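Where a number appears in this text, it was derived from the coordinates with a stated rule and is not lab data. In this text, all values refer to a predicted model and were calculated from it rather than measured experimentally. Because the Cβ atoms are built from the backbone with ideal geometry, glycine has one as well, and the counts that use them run over all protein chains shown.
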């Protein structure tokens with residue numbers, strides 16, 4: 001029994017550590033529970049192309065530029081997802097999946113291929129005007145810590161300062177730090 005418990009603890013630490021490597025923003029304790037999403041989220045208006053303006057550091061996008069997300073309708077509760085980027089080796093890469101609507105402004109995204117091993121990830125829309133910007137948040141509990149992901153998406157590759165300020169205001173209003181955001185290179189795409 002002791003050996004089994006030790007093995008389970010070591011496995012949990014290993015899995016937690018590998019998950020932490022995928023995210024650079026790690027905090028102590030559980031994910032915050034007071035995060036508010038868009039109550040009257042309209043998935044139909046959200047569909048289409050979004051450009052990644054900025055994000056918290058994310059290992060799967062290390063050295064990438066020209067990051068986009070394309071959302072399409074499947075049915076009333078599912079959205080197709082295709083994320084595309086140009087890697088640091090200047091090759092175009094894409095990954096596709098499905099986002100299931102699980103609540104107001106809350107989606108669970110699952111990707112195909114090796115990424116499917118990670119399971120579904122939270123994709124919470126904290127704010128959007130559908131025409132200019134969207135603010136997306138995800139948090140995953142890992143043992144005694146949590147990993148936080150944040151993205152600012154825009155409809156234009158190079159948005160105005162007013163649009164970015166509105167997106168950042170949405171993060172500040174929920175006490176989500178702006179200091180970890182890094183701007184995505186959207187040049188020479």
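Structural remarks
- Proxy reagent accessibility, fewest Cβ within 10 Å first, across 123, 130, 137: 130, 123, 137
- Take the convex hull of the alpha carbons in segment 76-189; its mean projected area over all directions comes to 8.9 nm².
- Linear extension gain, residue 40 paired with residue 129, 0.36 nm per residue minus alpha-carbon span: 30.9 nm
- Take the Cβ atoms of residue 155 and residue 188, set R0 to 25 Å, and the FRET efficiency comes out at 0.80.
- Residue 172 paired with residue 82, simple spin-label distance in nm, labels 7 Å along Cα-to-beta-carbon: 3.7 nm
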